[in-house]
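Here's the structure, in structure tokens; my notes come after.
The values are calculated or read from the model by the stated rules, or taken from the named source; none is laboratory data. The structure presented is a predicted model; accordingly, all values stated were derived computationally and were not measured. Note: ideal-geometry Cβ built from the backbone for every residue, glycine included; neighbour counts use all protein chains shown.
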């Protein structure tokens, strides 16, 4: 979790507490306005907490994050209003997960591999197996277990593999599994999956996504497939990213230690190094959350649409370019849309099968 996000959420909550007290005046309002203008993340955090505060009798949203059980009675905050924002920021309020910097993916045409090298290698392997005793070598490379798993739109699915590894499928995702004594191979057909790999130095764990392969022995990482673009996020251990060119030949590999974010697209592989907390934050979808840090509304809408059948549509470029920050439940598009109406120059048009967002 990002400490900046935690401080922002706590500061927003502290402002709400202070504003509810009796000592609120024009000078305090000016100070709040200045803080809100400093960063879009400040405004989003404050608006979301303010909405929860008002809808639940002002106290439920904050009471849910207190160390003790139960919600304090109405007016309890007024009894001893805080004297400074710094003091209020120490309130025991648990914020949601931190923000996600949404990435933009570019399409390309699918690369086709030449079949002849694969067929030749398979034939050579078969001849070697026959020449050296046949049956034992064949059983070593033959698939021992094969299975397919898929998740529906808006659902997550946890899968336990027979080797002790685990996979978590994101919304609308599919994997095909083939395990042999020589290798553990996963094909990510669509969507995204997070893998917790059981250590087995003699049997690599390979996740294929089109012309890309993420290879590990024992680690934790995610692979996301968007057309011809693949994203790999590593949170533990080291992953080797392999790529094939259009003619089927292998390209130089890329080693990804923990904290790496790799985007493999039509122009090659781009790698960023971030903190482990930020790498975990990118995978907030496992907890039902979407986190944005200075993302455009267009990027945020694209992420929401991965998890919902009723799609959000951005009607114009001006609305698409608006900056959005904060953490939201991906199942709560209604709350996200209400926040946009309340705090941004956005007009919402509700339709039967979609929600259209216009600039105003």
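Would you check which residues across the stretch 157-190 are in contact with a helix residue (DSSP H, G or I) (Cβ under 7 Å, 6 or more places away or on another chain) and at pLDDT 95 or above and list them? Those that are in contact with a helix residue (DSSP H, G or I) (Cβ under 7 Å, 6 or more places away or on another chain) and at pLDDT 95 or above: 168, 170. Residues of the stretch 18-45 that are modelled with pLDDT under 80 and in contact with a helix residue (DSSP H, G or I) (Cβ under 7 Å, 6 or more places away or on another chain): 20, 21, 22. With respect to the numbered conditions (1) at pLDDT below 95; (2) under 22 Å from residue 48 (Cβ atoms), which one is the sole condition not fulfilled by residue 268? With (1) at pLDDT below 95; (2) under 22 Å from residue 48 (Cβ atoms) applied to residue 268, the lone miss is (2).
Going through (1) at pLDDT below 95; (2) out of contact with any helix residue (DSSP H, G or I) (no Cβ under 7 Å at 6 or more places or on another chain); (3) farther than 26 Å from residue 152 by Cβ one by one, residue 262 falls short only on (1). Annotation: of all residues in the stretch 274-297 being under 10 Å from the mean Cα position of the chain (by Cα) and not in a helix (DSSP H, G or I), the one that is surrounded by the most Cβ atoms within 10 Å (Cβ to Cβ) is 291.
If you go through the stretch 301-315 and pick out every residue that is free of Cβ contacts under 8 Å to residues at least 60 places away in the same chain and under 18 Å from the mean Cα position of the chain (by Cα), you end up with 3. When 267, 244 are checked against the criterion of being surrounded by 16 or more Cβ atoms within 10 Å (Cβ to Cβ) and in the same structural domain as residue 158 (by TED's automatic domain parsing), a single residue qualifies: 244. Could you tell me whether the stretch 28-51 includes any residue that is in a helix (DSSP H, G or I), in contact (Cβ under 8 Å) with a residue 60 or more places away in the chain and over 28 Å from the mean Cα position of the chain (by Cα)? So far as the stretch 28-51 goes, no, none of its residues is in a helix (DSSP H, G or I), in contact (Cβ under 8 Å) with a residue 60 or more places away in the chain and over 28 Å from the mean Cα position of the chain (by Cα).
For the stretch 152-186, give me each residue that is on the phi > 0 side of the Ramachandran plot and surrounded by fewer than 15 Cβ atoms within 10 Å (Cβ to Cβ). Correct list: 154, 164.
Taking the criterion of being in contact with a helix residue (DSSP H, G or I) (Cβ under 9 Å, 6 or more places away or on another chain) and within 16 Å of residue 311 (Cα to Cα), the residues of the stretch 329-342 that qualify are 329, 330, 333, 335, 336, 338, 340. Checked against (1) surrounded by 17 or more Cβ atoms within 10 Å (Cβ to Cβ); (2) part of a helix (DSSP H, G or I); (3) modelled with pLDDT of 95 or more, residue 340 passes all but a single condition, namely (3). Out of curiosity, is residue 198 touching a helix residue (DSSP H, G or I) at 6+ places or on another chain (Cβ under 8 Å), touching a residue at least 12 places away in the same chain (Cβ under 8 Å) and under 24 Å from residue 159 (Cβ atoms)? The answer is no for residue 198. Is it true that some residue in the stretch 225-233 is touching a helix residue (DSSP H, G or I) at 6+ places or on another chain (Cβ under 9 Å), closer than 30 Å to residue 355 by Cβ and buried (at least 22 other Cβ atoms within 10 Å of the Cβ)? Scanning the stretch 225-233 turns up at least one residue that is touching a helix residue (DSSP H, G or I) at 6+ places or on another chain (Cβ under 9 Å), closer than 30 Å to residue 355 by Cβ and buried (at least 22 other Cβ atoms within 10 Å of the Cβ). Scanning the stretch 302-337 for residues that are in contact with a strand residue (DSSP E or B) (Cβ under 6 Å, 6 or more places away or on another chain), in a loop (DSSP other than H, G, I, E, B) and buried (at least 19 other Cβ atoms within 10 Å of the Cβ) yields a single hit, 330.
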